[in-house]
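The structure under discussion appears below in the form of structure tokens.
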Amino acid sequence: MNTDTDHPVWWNSIGRLTYKVPDHIGTELTFTTQSAHLKISKASRRKDEWDVRWIIFGTGQRRVDGYLLLSQDELAAAFGLPHEKEVNNKGYAAKYGAEEAVQGRFIRQGPYLNIPCPGTGLKGDPNISVKIYNSMKERVASFIKEMVARPTVH
């Protein structure tokens, strides 16, 4: 088990668990652990937007879930991938010691990502914390490339 201790204060260490990276890319990309799911899919009616959904399972029957739309540049920036347009809210990022952040969408410092916002770093926050491993980053890059190449269905 990884023992990250140098992560940002707003990132929950449960995110250090290795998310299962799917071998097959369909119309959605889902990363899973025992305690969380993160699903990315192309927005059906919007050319440059992506649906991002997450579920965090707590103890007993408790769970937290969320949904938002990210532009393609925001999705790429969230995972530390190259992107065409500047999306970083520099003041917001600086306030929380992050490399890149878009208020209400994501915050990332190195491999430490929170969607949609910084949290307390404790259990019970409504945001998902993810440590972006290279396999995950590569899978997101190939998913974006593949989905952009597909014809849009209206």
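Listing for the model above:
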quantity: Pairwise FRET efficiency - Lys123 versus Glu28, Cβ, R0 = 30 Å, nearest 0.05; calculated: 0.65
quantity: Rounded to the nearest 20 debye, dipole of the chain from Cβ charges on Lys, Arg, Asp, Glu; calculated: 340 debye
quantity: Segment 11-141: Cα Rg divided by the 2.2 N^0.38 Å rule of thumb; calculated: 0.99
quantity: 31 Å Cα-Cα threshold exceeded, pairs from Lys95/Lys131; Lys47/Lys123; Lys123/Lys145; calculated: Lys47/Lys123; Lys123/Lys145
quantity: Distance between modelled label sites at Val64 and Gln103, nm, 7 Å Cα→Cβ extension; calculated: 2.0 nm
quantity: Helix 134-149 axis, angle to the chain major axis (alpha carbon atoms, nearest 10°); calculated: 30 degrees
quantity: Gain upon complete extension [Glu146, Lys47; 0.36 nm per residue less C-alpha separation]; calculated: 34.3 nm
quantity: With at most 10 neighbouring Cβ atoms within 10 Å, loop GluC sites (Glu not before Pro) (DSSP) excluded, longest segment of the chain; calculated: 1-83
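Only the coordinates and a few stated rules stand behind these numbers; no lab work does. Keep in mind it's a predicted model, so treat the numbers as computed, not measured. Don't worry about glycine lacking a Cβ; one is built from the backbone with ideal geometry, like all the others, and counts go over all protein chains shown.
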